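To start, the structure under review is shown below, and the notes come after it.
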4 protein chains.
Amino acid sequence: MDRFQVRTDLALEARESFGEDHVEIRGVSIHEDYDKERDIRVTRVHIETENGAKAMGKPVGEYLTLEAPGLSEEDEDYHREVSEVLAQYIQELMGEGEQSVLVVGLGNRDVTPDALGPQVVNNLMITRHIIREYGVRAFGKEQMNQVSAIVPGVMAQTGMETFEIVKGIVEETHPDWVIAIDALAARSSKRLNRTIQLCDAGINPGSGVGNHRNGLTRENLGVPILAIGVPTVVDAATIIYDATGDRSRIAPNLNGMFVTPKNVDEMIKRLSYTISEAINIALDAGW
Amino acid sequence: MDRFQVRTDLALEARESFGEDHVEIRGVSIHEDYDKERDIRVTRVHIETENGAKAMGKPVGEYLTLEAPGLSEEDEDYHREVSEVLAQYIQELMGEGEQSVLVVGLGNRDVTPDALGPQVVNNLMITRHIIREYGVRAFGKEQMNQVSAIVPGVMAQTGMETFEIVKGIVEETHPDWVIAIDALAARSSKRLNRTIQLCDAGINPGSGVGNHRNGLTRENLGVPILAIGVPTVVDAATIIYDATGDRSRIAPNLNGMFVTPKNVDEMIKRLSYTISEAINIALDAGW
Amino acid sequence: MDRFQVRTDLALEARESFGEDHVEIRGVSIHEDYDKERDIRVTRVHIETENGAKAMGKPVGEYLTLEAPGLSEEDEDYHREVSEVLAQYIQELMGEGEQSVLVVGLGNRDVTPDALGPQVVNNLMITRHIIREYGVRAFGKEQMNQVSAIVPGVMAQTGMETFEIVKGIVEETHPDWVIAIDALAARSSKRLNRTIQLCDAGINPGSGVGNHRNGLTRENLGVPILAIGVPTVVDAATIIYDATGDRSRIAPNLNGMFVTPKNVDEMIKRLSYTISEAINIALDAGW
Amino acid sequence: MDRFQVRTDLALEARESFGEDHVEIRGVSIHEDYDKERDIRVTRVHIETENGAKAMGKPVGEYLTLEAPGLSEEDEDYHREVSEVLAQYIQELMGEGEQSVLVVGLGNRDVTPDALGPQVVNNLMITRHIIREYGVRAFGKEQMNQVSAIVPGVMAQTGMETFEIVKGIVEETHPDWVIAIDALAARSSKRLNRTIQLCDAGINPGSGVGNHRNGLTRENLGVPILAIGVPTVVDAATIIYDATGDRSRIAPNLNGMFVTPKNVDEMIKRLSYTISEAINIALDAGW
């Protein structure tokens, strides 16, 4: 069987493409936890070496995936629980100590399945300007993180690479951390809108392909970065390939087409709220 | 090969599913015109008998399809030409004489690929209230159509069938014609956002399946109805079936998923403008 | 002092324009309650006779006004309390017994201070179609109200009077009650976005002036109507008049201008949610 | 008469507050042109000295105001003419030679009267990324300006000063010019949505008051800046003061209230299109 490069932004799915779970890939470790009560599966894929990175088609780093089928339902209580679980993992990856954090909402706010990042930023508790003007005591606290945020837009809207915009703002405002939120492409439609990936390896806005000079990475930005992503689309070509195993069956007019649930507007709205709540919980402290 | 019921709202595609063009179906006539200069293909499928209707899975009536590949491009001049061609067909189907027309924008304005109808209504020239208050001379004319419009919403938003809302308004305001605009499902992704179907057989909002008691038809409404539709999605199951010819390959999680181009927001905006311009041109007269 | 006709949709303010509270107007009774704990003042103005109606410039009926200064703040808990208080008054005015209710969201969804009605409808729990298909047992209940809703749009969008649309739908779907939501004009900017008026005298969409043939009233619709309104604007002319007592000071270019807080978008969003929650609470029962 | 500090962002109105036109202010020159055919009045206020700046309450620079009453009407042809006139003044102020230009859309896209800047950016022809990838020949030209754009958001959304964001992006992408678009406050409601001010003195986002350390000025940014503004609101306090000449008449609850026309959503949409067209025309060349 030919190995057509199916597109996925999930390390979990890149791992699965090697087939059975017990196949070992050198330089990649994998660990799975299942929270039965809440039906949340957490998979950690650790890409440890450049060899592992090459095999996986993803940069070295820790990739943490929450699969929570209930996320695609309209259940406020369940979403709140996921926010709390997610907040714990965000805190684990970012470490302790009072910090200033710049949240970057990637994607195009006018294209529904791509609007996750901009919508997350809409619901964030923004504190940097208040703390700088009045101190953390304005919030009745002893210590507290400073949160700032930007929705940079996509290249067709700005004429600039996202990297240029974020780099400029980072150099001017000196955050300790960047959190970047983006909508992802999955390989399997069963993961749409119910899977959240956290990773510390950075992110390539609008790509997956091409050069990586301008990725939002710790190396390029000079500060650590936590990327949070949710798969909201599957490439139409991918579902054909997965059903047939034959790339010649993919009609050319499927290029640029994607698969998404009919109620994607509503799902993006709910998911973005769940993620912004998780960030609010995680950052509302001087841990 | 099993005959899986692929979903299409286009009579043209229902016709194609019988295979080669020269297969004749009793009670269905077909005629094609091609405007080479503008690259617009117009196909008339006339379902003449109940037998033909059963074979096609569509009610008796005239179905007129414009295929204009340029519609998916951002070319204002081309869109204006299509508006003019479309206006002629609207006038042909509606006949002559000063009339009052109720335009109904079907679909859910909050779900992008379903928002075609509501967006068409946004751009219409609404005249009924002005003519009733000040006469057609307010527009400096001798005779003129009265245009009114409603966006009824979908059942999940209203708790009512679209038919109940439209029927109530028709009985209260007595239009001579109803024009209903709706987003459709196609079988082939190559027809998305570049095909416009006109038909005089009425329309079943939000269905295609189930009972037809409450369709928007001349019989049910008591006035003639012209339905204008554009395919904006393909069912995900359909593209798998078309690539494999095997319904067992359709993963259950593809239910409720659809295929659409990434820039669907922009396309719906452009197409809705093109259609509303066509209606404005067609109705701006006492023809 | 000349009696310039300042515009207000609040019976409370029409009453105040007579000056001191102890002036009695024949045919108008007034009663005030103050809930100190929640800082909610409820004033009942009962216009009992046609004489009273003429004096007040409002039709005969019961007008109940909640003034809750906290409504203009972003305090979720307080808004929930107001929803509960409001729900009680809705139940009081509508009486007991299982009912079917049509909620009408008046106003223009594209003009922010006028979008209150459409936004309230967005958040309603719509049940009519489910109950009619599956019975109230679908909700695990013994009895339950049927809720349907419509956003008719304004005359410039539809070419029809709101009355025609609502009347048609009422005649087709036979609700027991109509609830109409609308944005109002106040006389005093201190009442903006913190006052809710309930009344059983019907409502004149888009007017306040002119003939009342086509008001949404019990007499015209054939079913009782509860109108819920919130003042979201003050006419610019009114604030000048109130500051000067002199209508000659009102510059002509102030016509069509209104006064509103800068964060009106956010306020309308919050208030519409508070009102839809109140309706959801009030109707989620077979009282 | 006491000199209450009425708020205006228009140099033209600051000048008028000195009363009769023939009063001379040292360090301020004024010149007026009237294009009778198109009914466009252009006033140039040149603040030449620090003394003049102090008297006017505005920094040293050239302020050019177009007053075009027709702008508040829905007349596409007239708007196109204003775009062309405006384009000439933009070119005059920016000078000749191929350039790279960063357009900054100031204001809050979710608050209608403040959304002018973000909406202007939506309609711009963005070219920088294409020219950098494929050269100007991609457009079939010999020389051409590079256009990039950003919508930074307001401080409550970002936690950062607009200056920090723009400064960072300027330092990273090195444009030759910045054009900043903002909604302004006028003193007189007769100027709303029909006046456009161009100035080369920079702009203080979200202020008018307080320190000017962080203004978007040539001095602070290191590149020349052209500010384009349209008054979309009048402070409610101002219209009371202007009608009464007495600041004690301004009710405290008018704080934070503004006066705006009812159809402000529609006006902002039209005006933003007119301005983006002007910028597109002005920059579509290597003049």
When (1) crowded, with 19+ Cβ neighbours inside 10 Å; (2) away from chain A (no Cβ under 11 Å) are applied to D:ASN214, the one that fails is (1)
Out of all the residues in segment D:28-36, is one or more among the charged types (D, E, K, R) and either in a helix (DSSP H, G or I) or surrounded by 14 or more Cβ atoms within 10 Å (Cβ to Cβ) (or both)? no
Cβ-Cβ under 6 Å pairs, at least 6 apart or on other chains, segment B:114-133 side at negative phi, far side among the acidic types (Asp, Glu) and crowded, with 24+ Cβ neighbours inside 10 Å: B:GLY117/B:ASP182
Cβ-Cβ below 7 Å, separation at least six or inter-chain, first residue in segment C:260-281 and touching a residue at least 60 places away in the same chain (Cβ under 8 Å), second of a type in the set (Asp, Glu): which pairs? C:ASP265/D:ASP110; C:ARG270/C:GLU74; C:ILE281/C:GLU84
Do the conditions hold for C:GLY153, that is, is it crowded, with 24+ Cβ neighbours inside 10 Å, within 14 Å of chain B (Cβ to nearest Cβ) and farther than 23 Å from C:ILE279 by Cα? no
The number of residues in segment D:251-273 that are farther than 19 Å from C:SER72 by Cβ, surrounded by fewer than 22 Cβ atoms within 10 Å (Cβ to Cβ) and out of contact with any Gly (no Cβ under 9 Å at 6 or more places or on another chain) is 5
Can you tell me how many residues in segment B:52-82 are of a type in the set (Ser, Thr, Tyr) and either part of a helix (DSSP H, G or I) or farther than 17 Å from B:ILE203 by Cβ (or both)? 2
Yes or no: segment D:180-196 includes at least one residue that is within 14 Å of chain A (Cβ to nearest Cβ), within 19 Å of the chain's Cα centre (by Cα) and either open to solvent by 20 Å² or more (accessible area, probe 1.4 Å) or hydrophobic (A, V, I, L, M, F, W, C) (or both). no
Of the residues that make up segment C:231-240, is at least one closer than 30 Å to C:ARG137 by Cα and either buried (at least 18 other Cβ atoms within 10 Å of the Cβ) or modelled with pLDDT of 85 or more (or both)? no
Over segment A:124-136, the set of residues open to solvent by less than 60 Å² (accessible area, probe 1.4 Å) and not aliphatic (A, V, I, L, M) is A:THR127, A:ARG128, A:HIS129, A:GLY135
Does D:ILE126 satisfy the condition of being over 30 Å from D:THR232 (Cα atoms) and within 9 Å of chain A (Cβ to nearest Cβ)? no
So, D:SER276, is that one within 24 Å of D:LEU124 (Cα to Cα), at pLDDT 85 or above, in contact with a helix residue (DSSP H, G or I) (Cβ under 8 Å, 6 or more places away or on another chain) and surrounded by 22 or more Cβ atoms within 10 Å (Cβ to Cβ) or not? yes
Within segment C:107-144, how many residues turn out to be touching a strand residue (DSSP E or B) at 6+ places or on another chain (Cβ under 7 Å), farther than 15 Å from D:THR112 by Cβ and acidic (Asp, Glu)? 0
When every residue in segment A:137-150 that is in contact (Cβ under 8 Å) with a residue 12 or more places away in the chain and surrounded by fewer than 19 Cβ atoms within 10 Å (Cβ to Cβ) is compared, the one farthest from the other protein chains (Cβ to nearest Cβ) is A:GLU142
Name the residue, out of A:ILE150, A:ILE126, A:ILE165, A:ILE169, that is more than 23 Å from A:LEU64 (Cβ to Cβ), in contact with a Pro (Cβ under 6 Å, 6 or more places away or on another chain) and modelled with pLDDT of 90 or more. A:ILE165
Is there a residue in segment B:156-176 that is in a strand (DSSP E or B) and either open to solvent by 20 Å² or more (accessible area, probe 1.4 Å) or on the phi < 0 side of the Ramachandran plot (or both)? no
Restricting segment A:113-123 to residues that are open to solvent by 20 Å² or more (accessible area, probe 1.4 Å) and not acidic (Asp, Glu), the one nearest to the other protein chains (Cβ to nearest Cβ) turns out to be A:ASN122
The residue from A:GLU13, A:GLU98, A:GLU81, A:GLU73 that alone is crowded, with 17+ Cβ neighbours inside 10 Å and modelled with pLDDT under 90 is A:GLU13
Qualifying position, being open to solvent by 20 Å² or more (accessible area, probe 1.4 Å) and over 15 Å from the mean Cα position of the chain (by Cα), among C:GLU92, C:GLU67, C:GLU62: C:GLU92
What number goes with the only condition from (1) surrounded by 18 or more Cβ atoms within 10 Å (Cβ to Cβ); (2) within 14 Å of chain B (Cβ to nearest Cβ) that A:ASP110 does not pass? (1)
Name the residues in segment C:83-127 that are β-branched (Val, Ile, Thr) and in a loop (DSSP other than H, G, I, E, B), would you? C:VAL111, C:ILE126, C:THR127
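The values are calculated or read from the model by the stated rules, or taken from the named source; none is laboratory data. This structure is a prediction, so every number in the text was calculated from the model and none was measured. Note that each Cβ is placed from the backbone with ideal geometry, even for glycine, and that neighbours are counted across all protein chains shown. To get the accessible areas, we keep the full protein, side chains included, count just its heavy atoms, and leave off ligands, DNA and RNA. Shrake-Rupley method; radii C 1.70, N 1.55, O 1.52, S 1.80 Å.
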